[in-house]
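Peer 1: Let me give you the structure first, and then I'll get to my questions.
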Amino acid sequence: MAQPGRPRDKPILKKSRYRKRYRIKERLTLGGEYTEADGTVWRYRADLTDAEHPAPGPVQVGETIWGDLDAALEAEI
């Protein structure tokens, strides 16, 4: 296991990011929120869903709103 403050090995970091991505996607797909350890909350914004942004719609990560879940995951992870 990596010590705090030390960089992780690339394979470990890749696997960790994959697991985080999977947990976020699963939680949001089931209609819930995902809260990170630092307090950042991921949630769908149903109030912003329209013809241009069909359901499930935009995702809010902290204060930033992304057009869809995949765009938010790519930018944040």
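Rule-based calculations on the coordinates, nothing more; no lab input. This structure is a prediction, so every number in the text was calculated from the model and none was measured. Don't worry about glycine lacking a Cβ; one is built from the backbone with ideal geometry, like all the others, and counts go over all protein chains shown.
Peer 1: Among Arg23, Arg43, which comes first, then next, by fewest other beta-carbon atoms within 10 Å? Present the calculation step by step, with values, prior to reporting the outcome.
Peer 2: Numbers: Arg23 12, Arg43 16.
With the sparsest Cβ surroundings first, the list reads Arg23, Arg43.
Peer 1: If I take every Cα pair under 8 Å that is 6 or more residues apart in segment 10-76, average their sequence separation and divide by the length, what percent do I get for the relative contact order?
Peer 2: This gives 19 percent for segment 10-76.
Peer 1: With a Cα-only, solvent-free Debye model of segment 10-76, what are the log10 I(q)/I(0) values at q = 0.26, 0.28 Å⁻¹?
Peer 2: -1.20, -1.33
Peer 1: How would you rank Val41, Val59, going from fewest to most other Cβ atoms within 10 Å of each one's own Cβ?
Peer 2: Taking fewest neighbouring Cβ atoms as first place, the list is Val41, Val59.
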